[in-house]
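What follows draws every value from the coordinates through simple rules; no lab data is involved. Bear in mind that the values here come from a model prediction, so they are computed numbers and not experimental data. Every residue, glycine as well, gets a Cβ built from its backbone with ideal geometry; the counts of neighbours run over all protein chains shown.
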Amino acid sequence: MPRLTKSATNRPKRTVQVGGLIQQEISDLLSRKLKDPRLEMVVITGVDVSPDLKQARVFFSRYGRPEEVRQSLAGLQKAAGFIKRELGTRLQLRYVPELQFVHDASYAYGDRIESLLKTLKREGED
């Protein structure tokens with residue numbers, strides 16, 4: 001499912017569709033073809049594609065220490081050429097967008113909020 005940002009509702013339907021396809025294909029590549037150990041725990045959370053379909057920001061999440069997140073980002077950047085080539089063969093697009101990988105910290109932030117709420121609940125019961 002494509003990552004729906006606040007501006008996604010204003011974007012052309014085509015960019016949202018292409019973003020969803022790119023997300024599916026990159027997720028498939030991560031699970032089946034890329035064997036880099038730095039990418040084992042990486043989940044693609046969304047893709048925002050520019051209106052001209054030439055740039056794509058690929059959001060990923062990885063639970064772990066900041067150093068592990070940096071290593072995963074480095075692994076994704078190293079594999080960007082391979083991923084772009086594979087997207088070119090899998091998707092019927094005139095241009096395959098340039099990929100920019102961005103860490104999505106929203107899941108870690110959500111986990112932190114949830115743990116704080118559980119702590120508050122336990123303290124309230126005492």
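Computed on the chain, with alpha-carbon pairs under 8 angstrom and 6+ residues apart, the relative contact order is 24 percent. Rounded to the nearest 500, the helix-only mean residue ellipticity at 222 nm of the chain stands at -18000 deg cm²/dmol, with each DSSP H run of n ≥ 4 adding -39,500 (n - 2.57). Note that region 41-56 has calculated 3J(HN,Hα) couplings of 9, 7, 10, 7, 9, x, 9, 9, 10, 5, x, 8, 6, 9, 10, 9 Hz, one per residue in order, obtained from phi through the Karplus relation 6.51 cos²θ - 1.76 cosθ + 1.60 (θ = phi - 60°); glycine and proline are x. The string of couplings for region 81-86 from the Karplus curve (6.51, -1.76, 1.60, θ = phi - 60°) is x, 4, 4, 4, 4, 5 Hz, one whole number per residue in order, with x for Gly and Pro.
Scaled against 2.2 N^0.38 Å for its residue count N, the alpha carbon radius of gyration of region 6-125 is 1.23. Taking a sphere under 12 Å around the Cβ of Leu21 and counting the other residues whose Cβ falls inside, with K and R at +1 and D and E at -1, yields a net charge of 0.
Annotation: peptides 112-120, 91-99, 49-57, ranked by per-residue average of other Cβ atoms within 10 Å with the highest first, follow the order 49-57, 91-99, 112-120. Remark on Gly46: its backbone amide H falls under 5 Å from those of Phe59, a criterion applied only to residues 5 or more positions apart or on other chains, H modelled at 1.01 Å from N. Taking a quarter of the surface of the Cα convex hull of region 9-73 gives a mean projected area of 4.9 nm². Note that region 58-73 has calculated 3J(HN,Hα) couplings of 9, 8, 10, 10, 8, 7, x, 6, x, 5, 5, 5, 4, 5, 5, 4 Hz, one per residue in order, obtained from phi through the Karplus relation 6.51 cos²θ - 1.76 cosθ + 1.60 (θ = phi - 60°); glycine and proline are x. Among 69-78, 101-110, the peptide with the highest mean count of other Cβ atoms within 10 Å heads the list, and the full ranking is 69-78, 101-110.
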